[in-house]
Amino acid sequence: MVIERIEAQLPGAILEHHAFRGDETIIVAGARFLEVVDLIFGEGYQLLLDVTAVDLETPEYRFEVVYHWLNLASQARLRIKVPLAEGAAQPSLVSRFKSADWAEREVYDLFGIPFEGHPNLTRLLMWEDFPGHPLRKDFPLDGGDLFCSQDIGASFAPEARSLNA
Amino acid sequence: MAGINLDDSVMTTRLDSVINWARRNSLWPLPFGTACCAIEFMSMMASRYDFSRFGAEALRFSPRQSDMLLVLGTVTNKQAPVLRQIYAQMAEPKWVVAVGVCASSGGMYRTYATLQGIDRVVPVDVYVPGCPPRPETMIHGVMELQKKISRESLSARKEHIERFYQSMARQEELQRAKGLTSYQVVREMVLEAGAAGGQQIW
């Protein structure tokens, strides 16, 4: 199993692991993330399917950056989660996996997580001057923006507030 | 010279009504399909509902060759300036049908990303309710548009479209003067209209 081989070669890199219906998930500390990526690349996990993130709002670390890999030879899948504090940067994988380019831009756009070493870290989905990062839990659903609220005429008052505030 | 008996080969009418008769029976739709309403629209065009019965079977995917804009689905704030530009490019005279609740009012998406009704940025003639509306509902909406066309005066339609062009000119001027993006200017114009108690920028 890949998890045992990672543990043998990089002791202590895996903080935790679990499996759900055959899909393995490992949680890796940010400092050792790139070592693990290089190791699993050698193991055959060479297709980076997706990069996403979760806003957990836990006191120890706010985000979890989630990577999905597919082993093209064995068709096995591997999910790697990296805990990340707010404001901290995650190393970019663009130099290793081309598919990380837009996926990392999307995570940056929607969660505000910076990716160090990304060649073009700009917004992917929202417009350039969009305020905030909409998939953060503290982001109000209507953006706190009167432009997005339902009755712009009636609610355009100083006391008008977002539904989520 | 002997008199000619014209019988019923001549009829008298008003210019408005004869031109509107031609207009309402040869609408050229431009589908602006962004969501599931566009799937229902396909069904509306296909053989079972057969929209060509209403003289509007010639779909054109270029705004220059069409005069009925069918907005089929959710329009995001990012798309609002695009929709305005497409409407501006269409051949005159032109009409807009907002199909489904998203296009009509933002529908269920009261969110940071969704334009709360396309009537804020382009003039809408007919709103079709439903999520998505059934093909019969859309056909009913276009039949209502045909009734509306047969009632309207040519000069009123011209002025109606002219008002939109004025707002478009203002948008472009603001973009140039302030160096803003089209999205920012549309947003500013909607907020300004809201401060004046209005709901639309055209």
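The values are calculated or read from the model by the stated rules, or taken from the named source; none is laboratory data. Fair warning: this is a prediction, and the values are worked out from it, not measured in the lab. With ideal geometry, Cβ positions are generated from the backbone for all residues, glycine too; neighbour counts draw on all protein chains shown. The accessibility values were calculated without ligands, DNA or RNA, using every heavy atom of the protein model including side chains. Shrake-Rupley method; radii C 1.70, N 1.55, O 1.52, S 1.80 Å.
Of note:
- Histogrammed with a bin width of 20 Å, the alpha carbon distances of the protein assembly as shown distribute as 23, 40, 28, 7, 2, 0 percent, first bin at zero.
- With the helix formula -39500 (n - 2.57) applied to DSSP H stretches of n ≥ 4, chain A reaches a computed 222 nm mean residue ellipticity of -5500 deg cm²/dmol.
- Across peptide B:193-201, the mean count of Cβ atoms from other chains lying within 10 Å of each residue's own Cβ comes to 4.
- Eigenvalues of the alpha-carbon gyration tensor of the stretch A:13-65, scaled by 5 and square-rooted, set the equivalent ellipsoid semi-axes at 21, 14, 12 angstrom, largest first.
- Sites A:Glu60 and B:Ala156, calculated FRET efficiency, Cβ-Cβ separation with R0 56 Å, nearest 0.05: 0.30
- Using heavy atoms of the protein chains and a probe of 1.4 Å, the accessible area assigned to A:Ser99 is about 60 Å².
- Exposure check, 1.4 Å probe, all protein chains in place: A:Leu78 carries approximately 0 Å² of accessible surface.
- Net charge dipole, the protein assembly as shown: roughly 1100 debye, given to the nearest 20, about the Cα centre with Cβ charges of +1 for Lys and Arg and -1 for Asp and Glu.
- Nearest-10 value in Å² for the accessible area of B:Thr74, using the 1.4 Å probe: 30
- For the stretch B:6-152, the convex hull spanned by the alpha carbon atoms encloses 111 Å³ per residue.
- Taking every residue in A:130-138 and counting other chain Cβ atoms within 10 Å of its Cβ, the average works out to 1.
- Size descriptors for the stretch A:2-116: radius of gyration and Dmax over Cα atoms are 13.4, 40 Å.
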